[in-house]
Amino acid sequence: MDHSRLDRWNHYRFRSVWDLDAPPARVYSALERTGDYPRWWPQVRAVEQIDGHSGTLHIRSVLPYEIRMTATELLRDPRRGLLEAALHGDVEGWARWTVRARRGAGRPGTRVLYEQEVEVRRPLLRRLAVPARAAFRLNHALMMRAGRHALAARLQAPAEAV
């Protein structure tokens, strides 16, 4: 397989929607505190703060490998409900949270959209791009589902516990 074609297999776009029964401001506040992710999101094993705008995340979901990436804040706009970061390390690209009030269905709450576009840089994962692509996508989906459940539980706890 030629190199440019293999690069396409190492490119991923992810999109997850989380509906949460909590006010948008509270959800946004939890998501902007990346350093707290290991306290509630089991797959985010550690966050090492570099400065006020960046940190290195250690992530491991179901598959037996850890992804290390440095996230550097590009945008933090609570009024518009946006958080965006550049990602460097085992993956290169960007990630964005969009936090909005949930409309309709008679239930107030929040709809969160997570979008990520990355290129895998870690050599072993690049070599497994073709045979393991479906497993990598499933691994990411399971991580996001666990994150949604964990954040929902955290947001249901009394405010002083969060």
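Table for the structure above
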| item | result |
| --- | --- |
| Accessible area of segment 45-139 belonging to carbon and sulfur atoms, whole % at 1.4 Å probe | 55 percent |
| Percentage, to the nearest whole number, of Cα pairs in segment 28-149 over 22 Å apart | 36 percent |
| Surrounding net charge for residue 85, when Lys and Arg each add one and Asp and Glu each subtract one, Cβ distance under 11 Å | -1 |
| Area of residue 50 that stays accessible when all protein chains are in place (1.4 Å probe, Å², to 10) | 100 Å² |
| In nm, spacing of pseudo-spin labels at residue 7 and residue 126 (7 Å Cα→C-beta vector) | 1.1 nm |
| Distance between modelled label sites at residue 75 and residue 156, nm, 7 Å Cα→Cβ extension | 3.2 nm |
| 222 nm mean residue ellipticity, helices alone, for the chain (DSSP H n ≥ 4; -39,500 (n - 2.57); rounded to 500) | -10000 deg cm²/dmol |
| Alpha carbon centroid spacing (whole Å) that separates segment 94-154 from segment 39-57 | 16 Å |
| Segment 34-154: relative contact order in percent, alpha carbon pairs under 8 Å with at least 6 residues between | 20 percent |
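The values are calculated or read from the model by the stated rules, or taken from the named source; none is laboratory data. All values reported here derive from a predicted model rather than from experimental measurement. When we count neighbours, we look across all protein chains shown, and the Cβ atoms used for this are built from the backbone with ideal geometry, even at glycine. Side chains are part of the model used for accessible areas, which takes the heavy atoms of the whole protein and leaves out ligands, DNA and RNA. Shrake-Rupley method; radii C 1.70, N 1.55, O 1.52, S 1.80 Å.
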